[in-house]
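The values are calculated or read from the model by the stated rules, or taken from the named source; none is laboratory data. These numbers come from a predicted model, not from an experiment. FYI the Cβ positions are ideal-geometry reconstructions off the backbone, even for glycines, and counts take in every protein chain you see. Calculation scope for accessible area: heavy atoms of the full protein, side chains included, ligands and nucleic acids excluded. Shrake-Rupley method; radii C 1.70, N 1.55, O 1.52, S 1.80 Å.
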Amino acid sequence: MNKPAAIIDFDGTLTRVRCGWEDKMKEFFLSKIFTDKTTLSPELSQEARSMCDEWIAQAPGTTIVQQISALANILDFCKITYDFDRLIDEFDIYSSDWEYQRVNECKESGELESLMLLGARKFLEDLQALGYELHLLSGTSHEKLIFECKTLGLSHFFKHIQGFETHLAMPYKPQSIRKTIADYKYEVKSTLIIGDGLTELNAGRELKCPCIGVAIDENDGKSCDTHKLQILKDAGFEDIISDFDNALQFIPLANPAQN
């Protein structure tokens with residue numbers, strides 16, 4: 001029998017390390033659009049803000065290159081000059097500062113588990129007990145992902161951990177999922193894609209993998225995120241975990257009738 005596998009997203013799917021990232025991204029975008037040297041009409045200013053909001057609404061699961069590319073499009077629209085590579089470096093530092101600070105503060109206070117979604121760790125244990133080989137695939141930079149997995153004590157769950165690196169084939173998640181399936185000789189029908197964002201779920205659907213959405217509120221780490229739930233439903237995804245207590249109902253090997 002072919003070994004079953006699960007390729008799992010990190011932020012918002014297992015952890016709440018980056019809870020509030022939307023506000024941080026918007027802060028950075030607006031700081032680059034509205035500077036002391038910027039003169040925009042009220043209409044153009046409002047359009048730029050709307051473009052920011054529209055991008056951030058679809059940004060879960062994207063990479064830093066995709067995020068800064070979106071900012072670059074807005075800056076082009078506003079006819080604001082920029083250095084793309086410098087924007088990437090600045091945003092990486094900007095986002096890393098508060099992410100590392102959050103993790104280190106929780107570590108020092110003995111509250112690291114608060115960075116996990118409630119029940120996520122047991123969910124990984126249950127998947128392993130069912131015989132699944134687990135892979136972690138995230139749009140978070142590889143260096144950050146390795147650090148956070150090690151600090152949270154998650155590394156041992158995964159056969160392979162892959163964060164974003166600039167040399168990887170694009171589009172990042174579809175190609176990375178395809179490569180994982182090929183490298184480990186998995187069958188597509190036996191490879192679950194589990195995530196909270198349309199980026200990884202659409203990639204899984206494109207490759208004909210079974211997909212499971214996660215719609216758990218990152219603010220409290222346990223309740224249903226109704227907004228995220230609606231986004232996933234509107235995109236046509238039916239199997240959606242809204243709390244990890246009932247997560248196994250969506251896992252084929254835990255429910256023989258689904259096979």
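Does Y82 satisfy the condition of being open to solvent by less than 20 Å² (accessible area, probe 1.4 Å) and either at positive phi or among the hydroxyl-bearing types (S, T, Y) (or both)? Can you show your working first?
Details: open to solvent by less than 20 Å² (accessible area, probe 1.4 Å): no; either at positive phi or among the hydroxyl-bearing types (S, T, Y) (or both): yes.
Criteria not met by Y82.
Tally the residues that are within 14 Å of T13 (Cα to Cα) and either open to solvent by 50 Å² or more (accessible area, probe 1.4 Å) or not aliphatic (A, V, I, L, M) (or both), restricting the search to segment 135-147.
The total comes to 4.
Inspect segment 148-169 for any residue being within 24 Å of F244 (Cα to Cα), among the aliphatic types (A, V, I, L, M) and not in a helix (DSSP H, G or I) and give the result as yes or no.
The answer is yes, given that some residue of segment 148-169 is within 24 Å of F244 (Cα to Cα), among the aliphatic types (A, V, I, L, M) and not in a helix (DSSP H, G or I).
Does D89 qualify as being in a helix (DSSP H, G or I) and under 23 Å from the mean Cα position of the chain (by Cα)? Before you say what the answer is, go through the steps one by one.
On the way: in a helix (DSSP H, G or I): yes; under 23 Å from the mean Cα position of the chain (by Cα): yes.
When the stated conditions are applied, D89 passes them.
Within segment 35-47, is there a residue that is under 25 Å from the mean Cα position of the chain (by Cα) and modelled with pLDDT of 95 or more? Give the derivation first.
Start the filter on segment 35-47 by keeping residues that are under 25 Å from the mean Cα position of the chain (by Cα), which leaves none.
No, the conditions are met nowhere in segment 35-47.
Looking at T39 and the list (1) open to solvent by 70 Å² or more (accessible area, probe 1.4 Å); (2) in a helix (DSSP H, G or I), which single condition is not satisfied?
(2)
Go over the candidates L118, L152 one by one and state the one that is aliphatic (A, V, I, L, M), open to solvent by 60 Å² or more (accessible area, probe 1.4 Å) and touching a helix residue (DSSP H, G or I) at 6+ places or on another chain (Cβ under 8 Å).
That would be L118, the only listed residue that is aliphatic (A, V, I, L, M), open to solvent by 60 Å² or more (accessible area, probe 1.4 Å) and touching a helix residue (DSSP H, G or I) at 6+ places or on another chain (Cβ under 8 Å).
Find all pairs meeting these conditions: Cβ atoms under 6 angstrom apart; at least six residues apart or on different chains; first residue within segment 119-146 and under 15 Å from T62 (Cα atoms); second residue assigned to a helix (DSSP H, G or I).
Close Cβ pairs (under 6 Å, with a partner that is assigned to a helix (DSSP H, G or I)) amount to L137/S176; S138/L145.
Those residues that are surrounded by fewer than 19 Cβ atoms within 10 Å (Cβ to Cβ) and either within 16 Å of the chain's Cα centre (by Cα) or in a loop (DSSP other than H, G, I, E, B) (or both), I need them from segment 182-204; list them, please.
Y184, K185, E187
Can you tell me which of (1) modelled with pLDDT of 95 or more; (2) surrounded by 14 or more Cβ atoms within 10 Å (Cβ to Cβ); (3) farther than 29 Å from S114 by Cβ is the one L168 doesn't meet?
(1)
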